[in-house]
Each structure stands twice: as C-alpha cells, then as structure tokens.
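Participant: The structure follows.
The values are calculated or read from the model by the stated rules, or taken from the named source; none is laboratory data. For clarity, every value in this text was computed on a predicted model and none was experimentally measured. As a convention, Cβ positions derive from the backbone with ideal geometry for all residues, glycine included, and neighbour counts pool all protein chains shown.
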Amino acid sequence: MDDLPSPPEMPPLSPGSVWLVGAGPGDPGLLSLLALHALRQADVVVYDALVDRRVLALARSGAELDYAGKRGGRPSPQQPDITLRLIRLARAGKRVLRLKGGDPFVFGRGGEEALALAAAGVPFRIVPGITAGVGGLAYAGIPTTHRDTNSAVAFVTGHASDGEVPDGLDWDALARMPVLVLYMALKHLDQIARRLMDGGKPGDEPVAIVVKAATPEQRVVETTLARAAADAAAERLEPPAVIAVGPVVRLRAGLDWIGAARGRRLDPDPLGRESPQQAVKGS
C-alpha cells in the first residue's frame, strides 16, 4: 500500500473569488470532489431552489446560506440582482460558492453569471455538475443513449426566457431526433407534444416523466407522447421534472435499479431482443 499516490491537492477557494458549482440532480453522493471541497471552504453559499437540502448540510459550520432560487410562476429573485449579489460578496472579500442544481452550464444560466463576473473583474472558477438530463434519468433507469436505440440525443428547454414554449426551435427537426430530453417542460408539455407530433413523431412514442430525480421523493410516470400531458395532470405532477422521449424509455423495464432494490422484477430483454445471457446459453 506504500506505493499508492497521495490524495490530490485541491485548489483553494480564495477570498474575493466565486466558484460556480454544479450540485447535481439531488443525491449528495453525486457531488464532485471539487464541489464538496468548495462547500467546506465557502464563507457564503448562494444556492438555487433545486439544490437538495442534504447537499447544503455539507457546508462548513458558520457558512452563510443565501437562497437565490428562481421558480416559474412564483416570486423569485431577478437574475441581475443575483449576479450583483455575487459581485458584492466577492468584493467584500468573501469566499463565494454559487451552487446550482445539475450543471451550471446546462440550462443553468451559469454562462451569464460567469460573464458578468468577468466583466466586473471578479476571479471565478467553473465546477461542472451532473446534469439532470443524464443523472436524473439514470436514477430512473433510463440511459440517454443505447447502441440498439439511438446514436444521438437532443437536450431541449421547455420554455424560453419569456416563460413560453421556445419559438426559435425547429420542432420538425427535433421530431426526427431519436431521443429528446426535455428540461422545464412540464408546464407546456401539451403544446410541446403537439408540436412534435405535428413534426411527425408518433403519438405512441414512449415518454417518461421523472419528478424530483435522484431524491427520496423521486417519481417516474411512463406514458406516451399523445397521453403525456393528460397523465401528468392526472398524476398531479409538479416541477422539477426531466422528461425523456424516445425508445430508451423502454429500457427502464430492465434497468430500473431503484425499483429492483424494492422488489421489482427486471426484464433482461426490454427491447424484445435476445439478451446477452440468452446468447451465451445458446452458443
């Protein structure tokens, strides 16, 4: 054991600087080492609504927890105010951790905040996180890619800066994508489904709606594109949610590892093809 390398030396979160850090989709175990390192150093943690409380519990004793969450349809801090707060805290000599759910550069407005810090001359560091469209779906037993179903995937936001369905997207082109991962789309799911079906995606296309992914409150509703909005309403689903559209959803029957731990019997051949185990037995 003497030949093992020493633990990696972590960079300091220096006074007067800001780290923009992704907290992942929920489970604190999905934090990166740098994210945990920042939590243990920061004087102030400016956190979003989607950051799990269990993650905040890892902040060092005495750190100030500063809520800056934005939720659609609810009174929320404005983005310019949040950015100005980061600049002021850094200029006051604080070690500032800007903590965002998922990844700050995937529909997280981290780029906007980082550019504002750069313009203000505030040193910053970007620490990526596991985005909900990958990690959240994995906790539901849904891969974003599988060689038997798709070689491409598109990540799409369900609302534009004005809160409406994005008009600048080529929905016909998106309808031709084999797999779509929709963020912040629950409110406009009916409109989005209709646009995709108008673009040629079949109404029986598999859909999974994953609510509060990678948390103890995670719920998964499997449905179809034509029924997705109605089923979401019937189940009274509320954000945060990530939505998968495409054949990868079928793989959940064999990959729902959380369900298996609770007694679900998994299907080793969810796509209706010969499984590797069957192939070995038949060889």
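Participant: Specify which of the listed residues (72, 141, 129) is in a loop (DSSP other than H, G, I, E, B), at pLDDT below 95 and either on the phi > 0 side of the Ramachandran plot or small (Gly, Ala, Ser) (or both).
Facilitator: 72
Participant: Among 202, 206, which is the only one that is surrounded by 15 or more Cβ atoms within 10 Å (Cβ to Cβ) and over 19 Å from the mean Cα position of the chain (by Cα)?
Facilitator: 206
Participant: Then there's this: Please go through the stretch 120-151 and pick out each residue that is among the aromatic types (Phe, Trp, Tyr) and within 15 Å of residue 108 (Cβ to Cβ).
Facilitator: 124
Participant: Within the stretch 163-281, which strands (runs of 3 or more DSSP E) (wholly inside it) include 1 or more residues that are without any contact (Cβ under 8 Å) to a residue 24 or more places away in the chain and outside the structural domain of residue 28 (by TED's automatic domain parsing)?
Facilitator: 219-224
Participant: Also, I was wondering about something else. Of all residues being surrounded by fewer than 20 Cβ atoms within 10 Å (Cβ to Cβ) and touching a Lys or Arg at 6+ places or on another chain (Cβ under 9 Å) in the stretch 35-49, which is modelled with the lowest pLDDT? Just the residue, please.
Facilitator: Only one residue fits best here, namely 49.
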